[in-house]
Amino acid sequence: MNLNNTAIDVICLIDKVGKLTPLKIRIENDDGSIITTKINEVVYTKENHFAGFTTFDYGCKVTIDEGEQLIQLRYCVSEHTWKINKIIFG
């Protein structure tokens, strides 16, 4: 399953100052089945500015297919969308 640049559903916590913390993700498999997994740990957070667009990258440890993977989630502020930007380790 290739997850790079895949649009996903995310449940996140937004604190009183607007900081986002992803908690769970839901991914649609190639066969149409749904995988839901909790985020075990947020390793890093990084704010990016590209051509007037703001995004936030989150390095997250998740368990998918019986193994732990480090993935990078990207939240695009202007579009209000989440994507798996890349698989870092897994």
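The values are calculated or read from the model by the stated rules, or taken from the named source; none is laboratory data. All values derive from a computational prediction rather than experimental measurement. In this analysis, Cβ positions are derived from the backbone assuming ideal geometry, glycine residues included, and neighbour counts consider all displayed protein chains. These area figures cover heavy atoms from the full protein model, side chains too; ligands, DNA and RNA do not enter into them. Shrake-Rupley method; radii C 1.70, N 1.55, O 1.52, S 1.80 Å.
Within the range 12-29, which residues are assigned to a strand (DSSP E or B) and open to solvent by 60 Å² or more (accessible area, probe 1.4 Å)?
L13, I14, L23, K24, R26, E28
So, in the range 30-52, exactly how many residues are within 19 Å of G67 (Cβ to Cβ) and assigned to a strand (DSSP E or B)?
Here the count works out to 10.
Select from the range 49-62 the residues that are under 13 Å from the mean Cα position of the chain (by Cα) and of a type outside the set (D, E) and list them in ascending order.
T55, F56, Y58, G59, C60, K61, V62
Name the residue that is modelled with the lowest pLDDT, counting only residues in the range 30-53 that are open to solvent by 40 Å² or more (accessible area, probe 1.4 Å) and polar (S, T, N, Q).
Ranking the qualifying residues of the range 30-53, first place goes to S33.
Just for the range 66-83: of the residues that are part of a loop (DSSP other than H, G, I, E, B) and touching a residue at least 24 places away in the same chain (Cβ under 8 Å), which one is farthest from E41 (Cα to Cα)?
S78
Going through the range 1-36 one residue at a time, which ones are under 11 Å from the mean Cα position of the chain (by Cα) and of a type outside the set (A, V, I, L, M, F, W, C)?
N4, N5, T6, D9, T21, P22, K24, R26
Using the structure shown, decide if T63 is of a type outside the set (D, E, K, R), surrounded by 10 or more Cβ atoms within 10 Å (Cβ to Cβ) and modelled with pLDDT of 95 or more.
no
Of all the residues that make up the range 5-26, how many are at pLDDT below 95 and over 21 Å from E41 (Cβ atoms)?
Within the range 5-26, residues that are at pLDDT below 95 and over 21 Å from E41 (Cβ atoms) number 3.
Only one of (1) under 16 Å from D9 (Cα atoms); (2) at pLDDT below 95 fails for F89. Which number is that?
Answer for F89: the failing condition is (1).
Answer yes or no: is there a residue in the range 2-11 that is open to solvent by 90 Å² or more (accessible area, probe 1.4 Å), assigned to a strand (DSSP E or B) and under 17 Å from D57 (Cα atoms).
yes
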